[in-house]
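Worksheet: the structure to be examined is printed underneath.
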Amino acid sequence: MRWNRSLIPTLREDPADAEAISHKLMVRAGLVRQLAAGIYVYLPVGHRVLNKINRVIREEMNAIGGQEISMPVLQPAEIWQQSGRWDAIGGEMFRLKDRNQRDMVLGMTHEEVVAWIAAREIRSYRDLPQIWYQVQTKERDEARPRSGVLRTREFLMKDSYTLDPDAAALEVSYSAHKDAYCKIFDRCGIRYVVVDSDPGMMGGSGSHEFMAPSAAGEDDVALCAACGYAANVELARGVPVAASLPEAVAREVATPEARTIAEVAAQLKVDAACTVKSLVFMVGDMPVLALVRGDHNLHERKLARALRAEARPAHPDEVRKHLGVSVGSVGPVGVRGVSRIVADESLKSGAYVVGANRDGYHLAGVTVGKDFACEWADLQVALPGEGCPKCGKPLTVERVIEVGNIFKLGTQYSEPLGAMYLDEQGQQRPIVMGSYGIGPARIAAAAVEQRHDADGIVWPWAIAPFHVHLVPVAVKDAGQMAAATEIERLLTDAGFEVLMDDRDERAGVKFKDADLLGIPIRITVGNALAKEGVVEIRERRTRAERKVTREGVLEAVRKIGGELAMA
Ligand code: ATP
Ligand code: MG
């Protein structure tokens with residue numbers, strides 16, 4: 001491909017609104033443009049990268065017996081009403097009416113459609129198992145679209161679905177997917193960890209997430225280097241470092257003007273770990289009280305799991321209205337107006353300082369579960385340095401981008417949508433489903449996050465938009481252009497993808513763009529051709545340069561390409 005006939009609008013400056021490195025570089029390298037919040041155009045180079053990723057995904061899906069299908073983005077509301085997600089999902093679902101006032105949905109995922117097909121086309125155990133997949137647009141009205149293509153409102157997803165007769169067969173399909181996912185991410189050249197995760201709105205009995213470490217991520221995972229334990233902090237349970245606690249005799253102590261945990265701990269000269277954070281959340285219009293240790297943070301997903309309902313932090317005026325006290329004074333002993341008190345399990349031992357429900361005072365020496373009744377749950381965000389729940393060694397916590405996930409769904413979609421089959425005894429049974437997603441755009445962005453330098457992107461070989469960036473330095477020099485054209489043909493015939501920068505620009509400008517675009521190999525055809533009969537080959541990643549004769553170019557590219565493909 002020739003630059004002059006392409007749309008590759010590179011920019012010198014970072015876009016003003018961008019924070020994530022992948023966002024800045026993908027815009028600057030001319031891969032994407034934002035049409036509206038969370039809605040992106042993929043320009044030719046960006047589109048090539050996505051296609052490369054999709055090709056890898058398709059190959060690995062086909063290898064485990066996946067059959068590609070295409071399901072509609074526009075869907076009738078009925079199937080979502082049957083599954084219960086029409087009500088369960090809130091503002092994230094795009095809803096609309098057709099001209100006949102029928103409720104419609106823009107698909108954010110396709111479990112319902114899969115179960116609908118299965119209900120009609122799968123009859124007996126002989127039709128199972130099945131693996132169906134698609135690479136299809138998803139629409140989600142994300143609350144916070146951000147970080148460039150990492151979280152958008154319209155995005156491509158590879159989603160696949162397995163249909164099995166029973167749980168044991170689902171295990172087989174699930175583990176085939178897990179292996180295929182590892183191959184996909186390995187081939188795409190990104191670093192990742194596989195972690196236990198919370199199935200969330202998907203429901204079901206088990207799930208894993210594939211997480212690419214990067215500061216631009218929105219998830220945190222707890223990892224144990226000693227035993228390999230790895231879990232999303234939504235699920236991870238660290239063993240807290242025990243707090244050394246004062247005597248367990250409940251008594252009121254004066255804490256004038258102290259509102260925060262830090263202020264209370266300082267006034268009473270105790271460690272923050274000896275205090276309790278009393279947090280008020282609203283479930284609908286009912287307040288509940290959640291308790292975590294003063295030095296811990298509550299994870300809202302864990303709370304939602306414990307309550308079996310979504311909860312949001314109460315506003316200060318709601319606290320005052322329902323509990324009759326100010327936020328800084330709330331405590332569990334004798335508290336009024338809350339429907340439930342849920343305490344984190346780390347509070348099971350010891351005695352603590354808690355709010356006294358009276359401004360200017362706290363209660364010290366309170367034993368949770370004895371001085372007041374509560375439910376126990378895991379509420380706390382796992383912290384670095386806490387003990388691994390499996391082996392006790394210290395955990396680390398890393399920021400990650402979720403690039404894919406896999407769910408054992410079971411029968412929660414097949415039952416309501418009537419996706420049944422007849423088993424060998426002629427008995428009707430619900431089909432056991434699994435669902436599996438990958439975001440190609442997130443793979444691209446994760447690759448940029450993990451592999452870039454001060455000058456631009458450094459694409460992994462397998463997903464680079466081109467293999468070779470060919471730069472004739474002086475396009476008006478007939479000798480250079482003839483040599484470049486010959487190299488272009490030679491490499492293209494050999495199966496390499498070549499971008500030739502045939503612009504009449506200064507060499508410095510072209511080299512800067514080449515670094516920004518991050519194509520793995522750059523070949524420069526310049527003065528050295530006439531003088532020494534050589535061209536220069538440069539590896540983007542190492543910046544290593546070598547001179548080769550025109551005749552040696554193909555072999556050199558094959559060698560470097562081979563090494564990069566293995567790297
Ligand atoms: P997240 O927790 O980040 O919102 P999710 O759990 O909603 O992700 P799934 O519904 O399981 O994600 O979708 C499968 C895959 O699709 C994700 O692993 C991710 O790679 C991709 N994906 C999900 N939401 C988005 C989005 N808004 N923009 C781009 N890719 C996305
Ligand atoms: Mg989501």
TODO: Answer with yes or no whether G228 is of a type outside the set (S, T, N, Q) and touching a residue at least 24 places away in the same chain (Cβ under 8 Å).
DONE: no
Open item on the list: Give me the residue from the stretch 205-240 that is away from ligand 2 (no atom under 16 Å from the Cβ), of a type outside the set (A, V, I, L, M, F, W, C) and at pLDDT below 90 and, out of that set, farthest from A176 (Cα to Cα).
Closed with: P240
Open item on the list: Return the residues of the stretch 149-203 that are among the acidic types (D, E) and away from ligand 1 (no atom under 12 Å from the Cβ); say none if nothing qualifies.
Closed with: D164, D166, E171, D179, D186, D196
Task: Residue list for the stretch 461-511, restricted to those being part of a helix (DSSP H, G or I), small (G, A, S) and out of contact with any strand residue (DSSP E or B) (no Cβ under 7 Å at 6 or more places or on another chain) - done: A462, A478, G479, A482, A507, G508
- [ ] For residues that are of a type in the set (D, E) and in contact (Cβ under 8 Å) with a residue 24 or more places away in the chain, scanning just the stretch 265-307, find the one that is surrounded by the fewest Cβ atoms within 10 Å (Cβ to Cβ).
- [x] D271
- [ ] Name the residue, out of K183, K97, that is away from ligand 2 (no atom under 16 Å from the Cβ), farther than 22 Å from R55 by Cα and at pLDDT 95 or above.
- [x] K97
TODO: Could you please give the count of residues in the stretch 26-52 that are crowded, with 19+ Cβ neighbours inside 10 Å, of a type outside the set (G, A, S) and either assigned to a strand (DSSP E or B) or within 19 Å of the chain's Cα centre (by Cα) (or both)?
DONE: 6
Task: Selection within the stretch 101-158 - part of a loop (DSSP other than H, G, I, E, B) and under 18 Å from D87 (Cβ atoms) - done: R102, G107, M108, T109, R140, D141
Task: G90, sole failed condition from (1) buried (at least 16 other Cβ atoms within 10 Å of the Cβ); (2) at pLDDT below 95 - done: (1)
TODO: With respect to Y161, determine if the residue is out of contact with any Leu (no Cβ under 8 Å at 6 or more places or on another chain), more than 16 Å from ligand 2 (Cβ to nearest atom), closer than 27 Å to R308 by Cβ and assigned to a strand (DSSP E or B).
DONE: yes
TODO: Would you please list the contacts, defined by Cβ atoms under 7 Å and residues six or more apart or on different chains, that run from a residue in the stretch 363-378 that is of a type in the set (S, T, Y) to a residue that is part of a loop (DSSP other than H, G, I, E, B)?
DONE: T367/A248; T367/A351
- [ ] Any chance you could count how many residues in the stretch 403-425 are over 24 Å from the mean Cα position of the chain (by Cα) and either under 30 Å from P213 (Cβ atoms) or assigned to a strand (DSSP E or B) (or both)?
- [x] 3
Task: Condition met for V113 (away from ligand 2 (no atom under 14 Å from the Cβ), in contact (Cβ under 8 Å) with a residue 24 or more places away in the chain and in contact with a His (Cβ under 9 Å, 6 or more places away or on another chain)) - done: no
TODO: Answer yes if at least one residue in the stretch 256-264 is over 32 Å from the mean Cα position of the chain (by Cα), crowded, with 17+ Cβ neighbours inside 10 Å and without any contact (Cβ under 8 Å) to a residue 60 or more places away in the chain, and no otherwise.
DONE: yes
Open item on the list: Against the definition (within 16 Å of ligand 2 (Cβ to nearest atom) and either within 30 Å of E59 (Cα to Cα) or hydroxyl-bearing (S, T, Y) (or both)), how does E449 come out, yes or no?
Closed with: no
- [ ] Search the stretch 407-432 for residues being in contact with a Gly (Cβ under 9 Å, 6 or more places away or on another chain) and of a type in the set (F, W, Y), and hand back the single one that is farthest from S124 (Cα to Cα).
- [x] F407
- [ ] Any chance you could count how many residues in the stretch 512-546 are outside any loop (DSSP other than H, G, I, E, B) and not charged (D, E, K, R)?
- [x] 14
TODO: Please verify whether the stretch 354-375 includes one or more residues that are surrounded by fewer than 24 Cβ atoms within 10 Å (Cβ to Cβ) and within 30 Å of W86 (Cβ to Cβ).
DONE: no
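Each row is one residue, and each column tells you yes or no for (1) among the aliphatic types (A, V, I, L, M); (2) away from ligand 2 (no atom under 16 Å from the Cβ); (3) loosely packed, with under 15 Cβ neighbours inside 10 Å.
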| site | (1), (2), (3) |
| --- | --- |
| I117 | yes, yes, no |
| R120 | no, yes, yes |
| P145 | no, no, no |
| L156 | yes, no, no |
Open item on the list: Residue under question is G107, and the condition is that it be crowded, with 19+ Cβ neighbours inside 10 Å, modelled with pLDDT of 95 or more and within 16 Å of ligand 2 (Cβ to nearest atom); does it hold?
Closed with: yes
- [ ] Considering only residues that are out of contact with any Ser or Thr (no Cβ under 7 Å at 6 or more places or on another chain), hydrophobic (A, V, I, L, M, F, W, C) and assigned to a loop (DSSP other than H, G, I, E, B), look in the stretch 240-283 and name the one that is nearest to C391 (Cα to Cα).
- [x] V241
Task: Hits in the stretch 430-458 - residues which are more than 17 Å from L50 (Cα to Cα) and in a loop (DSSP other than H, G, I, E, B) - done: I431, A454, D455
Open item on the list: Six or more apart or on different chains, Cβ atoms under 6 Å: show the pairs whose first residue is in the stretch 22-44 and under 18 Å from K512 (Cα atoms) and whose second is charged (D, E, K, R).
Closed with: S22/E449; K24/D14
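The values are calculated or read from the model by the stated rules, or taken from the named source; none is laboratory data. Owing to the predicted nature of the structure, the values given are computational and were not obtained by experimental measurement. No Cβ is skipped: glycine too gets one built from the backbone with ideal geometry, and neighbour counts run over all protein chains shown.
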